[in-house]
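Asks: First the structure, which I've put down as structure tokens, then a few questions once you've had a look.
The values are calculated or read from the model by the stated rules, or taken from the named source; none is laboratory data. Since the model is a prediction, treat every value here as computed from it, not as a measurement. Neighbour counts are summed over all protein chains in view; Cβ atoms, including those assigned to glycine, are modelled from backbone coordinates with ideal geometry. Ligands, DNA and RNA are stripped out before the accessible areas are found, and what is left, the full protein with its side chains, is counted by its heavy atoms. Shrake-Rupley method; radii C 1.70, N 1.55, O 1.52, S 1.80 Å.
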Amino acid sequence: MKFGVATFVTDEGIRPDLLGKALEERGFESLFVAEHSHIPLSRETPYPGGGELPRVYYRTLDPFVTLTAAAVATENLLLGTGIALVMQRDTIHTAKEVASLDLVSGGRFLFGVGAGWNREEMADHGTDPRTRGAKLDEQLAALKEIWTKDAPEFHGKHVEFGPMGSWPKPVQKPHPPIYVGGNTPAALNRLKQYGDVWTPNGVGERAHIQPQLDLMHEHAGDFPVSVFGVGTKNLDVLEGYVEAGVERITLLLGTKPEAETLTRLDELAKLVERYR
């Protein structure tokens, strides 16, 4: 069983280089960081978690800068986006960032992607929320072209470019694994077509675990599962995922200053030792 951490890295919490080093020293396998470019103050889209949107959403660091800092401070820690909002990003720049991070980390990058939930945020980037899934699908296909071909080109409804040269290519071949988030049939179809690993959000009750996995098998088939953001207040859920044999569990880590974060990581490290 692999154990990592999922968190928001912000300007008010521990530095990403110190966080990466602390995780590696405590035996954690991976770090996944969230992305939000900004939060429109209109706040029309309800927060999926209910209630007020937590402060960390407004203050996230850029995930590629964050993970590069963590990469430089570590040797073996795997570094993932959880998730990158690709449909809000320029496709060609994203291809460059992924390949560059995979290169500087020595092939340790895990590319988590998803269609997002904040409609105003994506609209500010010129993305129509109604067609964001279709755009993301084209972007993933186009990214693979850029990463794997010397003269890639792509001609779609949402992504269009002629033959180009783009280097570096990723260290991992054919490209870093694509972790697809989402629990809907559309997300699972995306996994089937473009993904390598499924990264669903952790459920709230143990009884919901098997139905969640059954949904994947029904719509996508058999894929490795890396569960994102499992809390530790209800250990019954954590134990349920362990028994289900998922590939990886990333535990939710709150965003706190360095001293508080290190104390919390010590607690989480002791906890996961029960399940290794």
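Asks: Within region 100-140, how many residues are aliphatic (A, V, I, L, M), out of contact with any Pro (no Cβ under 7 Å at 6 or more places or on another chain) and open to solvent by less than 10 Å² (accessible area, probe 1.4 Å)?
Replies: Counting residues in region 100-140 that are aliphatic (A, V, I, L, M), out of contact with any Pro (no Cβ under 7 Å at 6 or more places or on another chain) and open to solvent by less than 10 Å² (accessible area, probe 1.4 Å) gives 4.
Asks: Looking only at region 240-248, decide whether some residue is within 16 Å of T81 (Cα to Cα) and part of a loop (DSSP other than H, G, I, E, B).
Replies: No - not one qualifying residue is present in region 240-248.
Asks: Let me ask something else about it. Here is a list: T261, T232, T250, T199. Which entry is more than 23 Å from I178 (Cβ to Cβ) and buried (at least 19 other Cβ atoms within 10 Å of the Cβ)?
Replies: Just a single option satisfies the conditions, and that option is T261.
Asks: Tell me which residues, restricted to region 153-174, are surrounded by 16 or more Cβ atoms within 10 Å (Cβ to Cβ), touching a residue at least 40 places away in the same chain (Cβ under 8 Å) and assigned to a loop (DSSP other than H, G, I, E, B).
Replies: Residues satisfying the conditions are V159, S166, K169, P170, V171, Q172.
Asks: All but one of (1) under 13 Å from D17 (Cα atoms); (2) open to solvent by 20 Å² or more (accessible area, probe 1.4 Å); (3) small (G, A, S) hold for G50; state the number of the condition that does not hold.
Replies: Tallying (1) under 13 Å from D17 (Cα atoms); (2) open to solvent by 20 Å² or more (accessible area, probe 1.4 Å); (3) small (G, A, S), G50 fails exactly one: (1).
Asks: So, one more: Can you name every residue in region 1-56 that is under 19 Å from A71 (Cβ atoms) and among the small types (G, A, S)?
Replies: G4, A6, G13, G20, A22, G27, S30, A34, listed by residue number.
Asks: Moving on. Within the bounds of region 214-229, is there any residue that is within 25 Å of W117 (Cα to Cα), in contact (Cβ under 8 Å) with a residue 40 or more places away in the chain and open to solvent by 20 Å² or more (accessible area, probe 1.4 Å)?
Replies: yes
Asks: Only one of these is free of Cβ contacts under 8 Å to residues at least 12 places away in the same chain, β-branched (V, I, T) and open to solvent by 20 Å² or more (accessible area, probe 1.4 Å): T148, T184. Name it.
Replies: T184
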